Structure formats: structure tokens, C-alpha cells
1. Quick one: P(r) of the range 106-248 from all Cα-Cα pairs, 5 Å bins, percents rounded to integers, in order of increasing distance.
2. With +1 assigned to the C-beta of every Lys and Arg and -1 to the C-beta of every Asp and Glu, and no other charges, what is the dipole magnitude of the range 119-234 about the Cα centre in debye, to the nearest 20?
3. Can you pull out the GluC sites (Glu not before Pro) in the range 162-248 that DSSP calls coil and that have at most 11 other Cβ atoms within 10 Å?
4. Compute the distance in nm between two label points, each set 7 Å from the Cα along the Cα-to-Cβ direction, one at residue 111 and one at residue 128.
5. Just to be sure I understand the model, the point goes 7 Å from the Cα along the line to the Cβ. What's the resulting residue 93 to residue 186 distance in nm?
6. Run the Debye formula on the Cα coordinates of the range 190-242, all scatterers equal and no solvent, and tell me log10 I(q)/I(0) at q = 0.20, 0.24 1/Å.
7. Loop-only check: which trypsin sites (Lys or Arg not before Pro) in the range 169-240 are DSSP coil with at most 13 other Cβ within 10 angstrom?
Amino acid sequence: MHLAEVFRRYLGWCPDRGMIRAREQSLPCGEMNSPAMQAGDVYMEDGVIVDYGTTGISFRFFTGLLIGAIGVIFLFIWIIPVAMLFRSITGILFPSLILSYAIVQFFQDRKKSVLWITRDALAIRRFLRRPVIIPRDTIATVEVRDNVPPLPVRVQKILFLLVVPVFAAGALYGRYLELVSGEIGYSSFLLYLGFYLCIVLFFLVIFHHSGIRSSFSRILVVTTTAKKLAGIYGGDPEKIAGMLGRSA
């Protein structure tokens, strides 16, 4: 099957769509790599979570993301001396960006991805993401690994469910005292309230993002010759690895 045809089916176009699922579900693992496999056969695996990118799945990336988020928050709260106008703009714009990211990330984690495997390519469809098509000849390794969270689940619970909310509540209480003493107005207090609530929501979404992945004991990692990595959670990792026909 040509890549163009794979892409059309991947986006939902097919002149005989009703026959695809029957063929997909009936393909045994070994047949996917068999020379006798028909060009029109497609295997589909839905209900999986897929992370794809150049960074991969690493403790360094996760830690860098966390430190970067905390650094930006600290920068906007304590370091930058702002006038009231800039503070108001920041108080509206920054929480809006955080809230938008949190909502998109939450639904991306809740909406499962779909894999399509043919003789020519591995196609990945993810919610609100551009489709990814990996030609088979660009796949370098396919590994089934034990899923080790970047941070222990217990540490994540303490950090995201205790430390961050307590910090936000303490900071908000300080703003409340300023409101009572007349140092800030009611509108400024509402801006701070929205800001800290968005911060807590942001870290709760990060906790959900990590927690939903840590529930899987095994993960399939596909590495391409272009140094791209696809981490696939769910489904049957061993079966998918066998269909892709390569191992580390």
C-alpha cells in the first residue's frame, strides 16, 4: 500500500470502510510480516496513549519541564517589578495561557490515540495533534520496556497534591491580608485568585498526565532513524512489536 493511501485511510477516507475492521481484527501477528500479506490489509489498535517527539521519555526532560514551569511562575510573581497596568495584563493573559494548556492537555490524555499498521508504515492519530506516519524503513528499533515513571508516584502525590496547593493557598492568604489591610483592591485580589487557581490546576493536570501513564506496567518504544521516539501505552505491546517486525 502506498503511503498516500495509508494517509487517506488514517484520516477516515475509505471507499469500503465497512470491510476494514473485519480484516484488521482477523490478522494474526505473524501474517503482518509475511510476504503473502495482501497490500490492502491494515491492523488498527485504538484506545492507546502515544507520546511522540525528539526528546523521548526521560527523567531529565520531565524534571526540566517541571523546573521551567516553576521558574516562569517565580519570575512573574517575585522578580519582575511591574506597574499596575502590566500586572493586570499579566494577571489576565498568563492564567489564560495556563488554563488553555491545561484543558488541551487534559483532553489529549483522555482521548485515546489510534495506531494503524500496514506493510509500509506505522500511522498514529492523536487528539488535537498533527497525524504522524512513520515509514517502516525508517524504524530503527522496537522495544518493550518496563514502565518506570520519571518520578515515583508517591513523590508526585506529595508534590502535586500537597506542596503546590499548600503553597498556592499560603500565597493567596497573603494577598487576602493585603486586601483586608487596603494595600490592594478587590479587582487585584480576584486576579491573584484566578492566577493561583490556574497554577494549581496546571500541576494537577501534570499529575494526571503522569499518573495515567504510570498505570501501565509495560510500554512500547519505537525509535526511528531520525532520532524520533514514540512511546505507546496500552494495547498489547508484544503483539504490536511483533507486527512491526523489529527489536532492539
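1. All Cα pairs considered, the percentages come to 2, 8, 14, 14, 13, 11, 9, 8, 6, 5, 4, 3, 2, 0, 0.
2. Using only the charged Cβ atoms, the result is roughly 620 debye.
3. For GluC sites (Glu not before Pro) across the range 162-248 that sit outside H, G, I, E and B with at most 11 neighbouring Cβ atoms in 10 Å, the list reads 183.
4. With each label point 7 Å from Cα toward Cβ, the separation is 0.8 nm.
5. Inter-label distance under the simple model: 2.8 nm.
6. Reported log10 I(q)/I(0), two decimals: -0.78, -0.92.
7. Answer in residue order: 227.
We did not get these values from a lab; they are worked out from the coordinates using the rules stated. Owing to the predicted nature of the structure, the values given are computational and were not obtained by experimental measurement. Note that each Cβ is placed from the backbone with ideal geometry, even for glycine, and that neighbours are counted across all protein chains shown.
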